[in-house]
Amino acid sequence: MNKDLTEYLLDLIPKSMLERGRTSLEARLSPIRDVLNRQHFPDSALSEWQIEQLLNIFASMDSDKDPIAARVGEREGRTASSLVSRLAGGFNHGIGRSGHITAPQPKAAGASLMQRLTNNIVLDAIQKLGLSNIRAGIVMPLSTGMSIALALGMLHREQNVSKVLYTRIDHTSSKRGIALAGLDMILVDTMIVDDAVRVDMGDLEKKINRSENICVLGTSTFFAPRETDPVKEIAKICLDFDVPFIINNAYGIQSKSVMAMIRSAIDAGRVDAVIQSTDKNFLTPVGGSIITSPSENTIELVAETYAGRATAAPLIQLLAALLSLGLHRYTELRSQQQENRIYLETLLDDLADEVNQRVLEVENPVSCAVTMDDIDVRELGARLYNHRVTGPRAVEKDSYGSCVDGYPHNYIVMNAAIGSRREDIETAVSRLGEEIRSL
């Protein structure tokens, strides 16, 4: 009769020592079991060792790890070196199957489990962080703009959408997404209200009333002086006219106020999908996005739209980030972001007074803009870059970038996004002052 593992171990060390060792091991493995059991965004972070063990377990289940398998197919998870495999986290088969990105893959049982777990955890995270009324979500190994294209392509196939009413932001990503989906773009005008740039709701209603086979693409987060679209009002209009509505929520998860607005829009009207970046919200490398929806069917249709298999890398990175943060730590980072945003505005106010400029009065949860009138703002932006300040946005008056025609100021935008440090903000504003004085 075969012995079980415990009996073999008892041949090696006393039972009391074995039980003590088992207690230590169980303490380290228990959080992993809890993640697998509940599939929720954990309150407390896991250690790097625990996350690595979880990923190693999943990767070890894929068929390319079978030491005696005869792998003769054209796609067998073969890699040029062990380094290449490590760079993929060991998930060499990727995720999905041809024609459905969430379909379980026979050669990749571990990757399929990892993908399902990641989708469940990120959905729980986004619900806990403000969108309690979404019902489904999927992590895409694509940028936000590419995921917008994917969602629009689904609407074109399923609902015969051929035109997109696009609330203007001066950014290439969304426009490229619309073009890639093969749809026509109808720009919804913006207007200047005091310092702020806002979508012209009258223009949106007029164009939605005159158009057929359309959807609306709105924006919740962009650089000041652009303000968040009134997504609740737009959702109500879309419900009245039976028009699909997609929200580009690129970095909105970090903002309680933005998430509250989107939650209210879902409750009050029609929202088909909300799309956000993984790197801007959850501190991962660039390359992933999250599509969420109040409708499970919408997410299923999007999953069917993706062509071919996909790399698992953005999902691995997001899963590791979520488990490294935990809800408590992410909530702390959110609070720090709000504090840093207030601190940034205070520092910019002081600097603006000193150099005879002013901070633009705009409702924006992440960025501030300060006028740079009578200053060569493009030269200033270049000098900041050379002075090792990354992230500021330099815009000349009445030029592309302000999201409106005829904006009356030169300005510099600075951000206090999630993960930014207080000392980074202090250094950036200090160097901004140095460069303004040198000009």
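The values are calculated or read from the model by the stated rules, or taken from the named source; none is laboratory data. What you see is a predicted model; the values in this text were computed from it and never measured. Glycine gets a Cβ as well: all are built from the backbone with ideal geometry, and neighbour counts include every protein chain shown. These accessible areas exclude ligands, DNA and RNA; they are computed on the full protein's heavy atoms, side chains included. Shrake-Rupley method; radii C 1.70, N 1.55, O 1.52, S 1.80 Å.
In square angstrom, what is the accessible area per residue of the chain with a 1.4 angstrom probe? Provide the component values of the computation, followed by the final result.
On the way: 20400 Å² over 439 residues.
About 46 Å² of surface per residue is accessible.
What pairs from LYS163/LYS280; LYS256/LYS280; LYS163/LYS206; LYS206/LYS232; LYS207/LYS280 go past 21 Å between their alpha carbons? The partial results should precede the final answer.
Working: LYS163/LYS280 28 Å; LYS256/LYS280 15 Å; LYS163/LYS206 15 Å; LYS206/LYS232 18 Å; LYS207/LYS280 32 Å.
Violating the 21 Å Cα-Cα cut-off are LYS163/LYS280; LYS207/LYS280.
Taking a point 7 Å out from the Cα of ASN120 in the direction of its Cβ, the residues of the range 70-105 whose backbone N falls within less than 15 Å of it are 104. Among the GluC sites (Glu not before Pro) in the range 50-105, those placed in a DSSP loop whose Cβ has at most 11 other Cβ atoms within 10 Å are GLU74. Placing unit charges on each Cβ (+1 for Lys and Arg, -1 for Asp and Glu) gives the range 117-172 a dipole about its Cα centre, and among ASN160, LEU142, LEU131 the Cα reaching farthest toward its positive end belongs to ASN160.
In this label model, ASN160 and SER30 are separated by 6.0 nm, measuring between points 7 Å along each Cα→Cβ vector. Coupling constants for the range 162-177 follow from the phi torsions by the Karplus curve (6.51 cos²θ - 1.76 cosθ + 1.60, θ = phi - 60°), and in residue order they are 10, 9, 10, 7, 10, 5, 4, 10, 8, 8, 7, 4, 5, 4, 5, x Hz; glycine and proline get x.
Using a probe radius of 1.4 angstrom, the carbon and sulfur fraction of the accessible surface of the chain is 49%. Checking [x] 29.6; [y] 31.4; [z] 26.1 against mean projected area of the Cα convex hull in nm² calculated from these atoms, the matching label is [z]. In this simple spin-label approximation, LEU83 and TYR400 carry label points 7 Å from Cα along the Cα→Cβ vector, and these lie 4.0 nm apart. The smallest convex shape that holds all Cα atoms of the range 1-130, its convex hull, gives 179 Å³ per residue. Across the range 94-107, rounded Karplus estimates of 3J(HN,Hα) from the backbone phi angles (6.51 cos²θ - 1.76 cosθ + 1.60, θ = phi - 60°) give x, 10, x, 10, 4, x, 7, 6, 9, 5, x, 10, x, 7 Hz, Gly and Pro being marked x.
Fully extended, how many nm does the chain gain between LYS206 and ARG437 (0.36 nm per residue separation, minus their Cα-Cα distance)?
Here the segment from LYS206 to ARG437 would lengthen by 78.4 nm.
Length gained on full extension, SER257 to HIS40, computed as 0.36 nm times the residue gap minus the Cα-Cα distance: 75.8 nm. Close amide-amide hydrogen proximity is noted between ARG97 and THR102, ALA103, each under 5 Å apart and 5 or more residues distant or on a separate chain (H modeled in the peptide plane; Pro and chain starts excluded).
Amide H contacts under 5 Å for VAL188: TYR166, THR167, ARG168, restricted to partners 5 or more places along the chain or on a different chain, H placed in the peptide plane at 1.01 Å from N.
Counted residue by residue at 0.36 nm each, then reduced by the alpha carbon distance between them, the extension gain from GLU332 to ASP374 reaches 11.1 nm. Straight-line reach from LYS65: taking Cα to Cα under 13 Å and skipping same-chain neighbours fewer than 8 places apart, the aspartates and glutamates in range are GLU76.
Select from the range 34-90 those trypsin sites (Lys or Arg not before Pro) which occupy a DSSP coil region and have at most 16 other Cβ atoms within 10 Å, ordered by residue number.
ARG71, ARG75, ARG78
Three principal axis extents describe the C-alpha atoms of the range 164-240; from largest down they are 35, 28, 17 Å. Here each label is just a point 7 Å from Cα along the line to Cβ, and for ILE57 and ASP424 those points are 3.3 nm apart. In this structure, GLU363 and THR311 have a Cβ-Cβ separation that, at R0 = 45 Å, corresponds to a calculated FRET efficiency of about 0.75. The calculated FRET efficiency for ASP349 paired with LEU12, based on their beta-carbon distance and R0 = 60 Å, is about 0.30. Taking amide H as placed 1.01 Å from N in the peptide plane, the amide H of ILE375 sits under 5 Å from none that are at least 5 places away or on another chain.
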